[in-house]
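Below: the structure, in structure tokens.
Laboratory data are not the source of any read-out in this text; all were calculated from the coordinates shown. Bear in mind that the values here come from a model prediction, so they are computed numbers and not experimental data. We place every Cβ from the backbone using ideal geometry, glycine too, and count neighbours over all the protein chains shown.
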Amino acid sequence: MVTTELMIRARAGDGSAFRELTEPYRRELHVHCYRMLGSIQDAEDVLQDTLLAAWQGLRGFEGRASLRTWLYRIATNRCLNALRSTKRRQAKEWDVADLQPPEPTRLGEIVWLEPYPDALLEGGPEARYEQTEAISLAFITALQVLPARQRAVLILREVLGYRASEVAEMLDSSVESVNSALKRARVGLQEQPGEPSAPESPAQQALVEKFVRAYQASDVDAVVALLAEDVRVSMPPVPLEYLGIDAVAAFYAEVIRPDRLYDLVPTRANGQPAFGTYLRVDGIRRGTGLLVLTISGDRIGAVTRFDNSVLPWFGLPRSLPD
């Protein structure tokens, strides 16, 4: 009855009633847009566009599906429109002036990926353990390789649990088309490398602590000893990728040096341990980026480095006093 009353008021132009109706879904819609777009900034833009479209179209909402499903329909189609209209983002050049990295193993296909702060997940349905894999960097990266429509079907069916008939209605498609897209998306997802970070255990916490101590001590050998044989280092939006222990060891030999002392400030991103990296320079610790660790068994299976523009999203300053 409360929802019905709110709906009547919202349809009559009551903005506060509309906000009360839609606020319970805002967090999960934002995560949905992030999965679709791989960018927290783009997700925020599309979410605002979704809520505006819902406000303007509320009189046309017939209630055949739930309000939540209706909002997901709008958000998904707005994401598909954004993917169609957005030009491929340009990769950035390596911009650390006094460091020359070795030749990369390959150039990364996905350069527009951005991390998602765990703080935005807390308290919502996405914070449950069974949803951790669906927000991991490995999963988000693999999604970005899929064609947009396959990506949408996979998320709606396998992450959010909508039935094929519901997804078909959301996408103005047929059940056969949805099932076919899901089958192709599953194959495409299996072809992507990487695995989600495992749930934390005391042993894994100890592993992360060893990584931090070794990195801050500029002990390259100790850092490398913690990595898996098939470790992967990537750094979007810089397209350089280093695959395998030998390539990564050569990379870290250039980056982690006694004349470049770092402090790592803990946070969390995409359900994984993450650290703001701060380089000590002239009495100030300057933020240089964000490292996100993927744990694979008893080793670190991947390290993803983002530039310092993402630090404020995690409540981390651009610089700290020495």
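Ordering Met7, Met170, Met36 from the fewest to the most neighbouring beta carbons within 10 Å gives Met7, Met170, Met36. Just flag the trypsin sites (Lys or Arg not before Pro) in the stretch 28-79 sitting in loop per DSSP whose Cβ has no more than 10 other Cβ atoms within 10 Å. Of the trypsin sites (Lys or Arg not before Pro), the ones in loops of the stretch 28-79 whose Cβ has at most 10 other Cβ atoms within 10 Å are Arg64.
Among Val187, Val310, Val223, the largest mean-square fluctuation in a Gaussian network model of the chain (Cα springs under 10 Å) belongs to Val187.
Each Lys and Arg adds +1 at its Cβ and each Asp and Glu adds -1 at its Cβ; summed about the Cα centre, the chain shows a dipole of about 1000 debye. With R₀ fixed at 35 Å, the C-beta to C-beta distance from Val281 to Asp230 puts the FRET efficiency at about 0.55.
Helix by helix through the chain, keep the DSSP H runs that span 30 Å or more along the axis on Cα and average at least 1.0 on Kyte-Doolittle, and give those back in order. Qualifying helices: none.
Got the relative contact order for the stretch 1-87 handy, in percent, Cα pairs under 8 Å and 6 or more residues apart? All intermediate terms of the calculation are to be shown ahead of the outcome.
Details: 58 pairs, mean separation 23.3, N = 87.
With pairs under 8 Å counted, the relative contact order is 27 percent.
Sorted fewest first by neighbouring Cβ atoms within 10 angstrom, Phe139, Phe61 come out as Phe61, Phe139.
Only Cα pairs within less than 10 Å get springs; with that Gaussian network setup on the chain, which residue of Tyr262, Tyr278, Tyr25 has the largest fluctuation? Comparing Tyr262, Tyr278, Tyr25 in the GNM, the peak value goes to Tyr25. Note: relative contact order over the chain, using C-alpha pairs below 8 Å and six or more positions apart, is 17 percent.
Ordering Ser296, Ala148, Thr267 by Cα displacement along the dipole of the chain toward the positive end leaves Ala148 in first place; charges were set at the Cβ atoms of Lys, Arg (+1) and Asp, Glu (-1).
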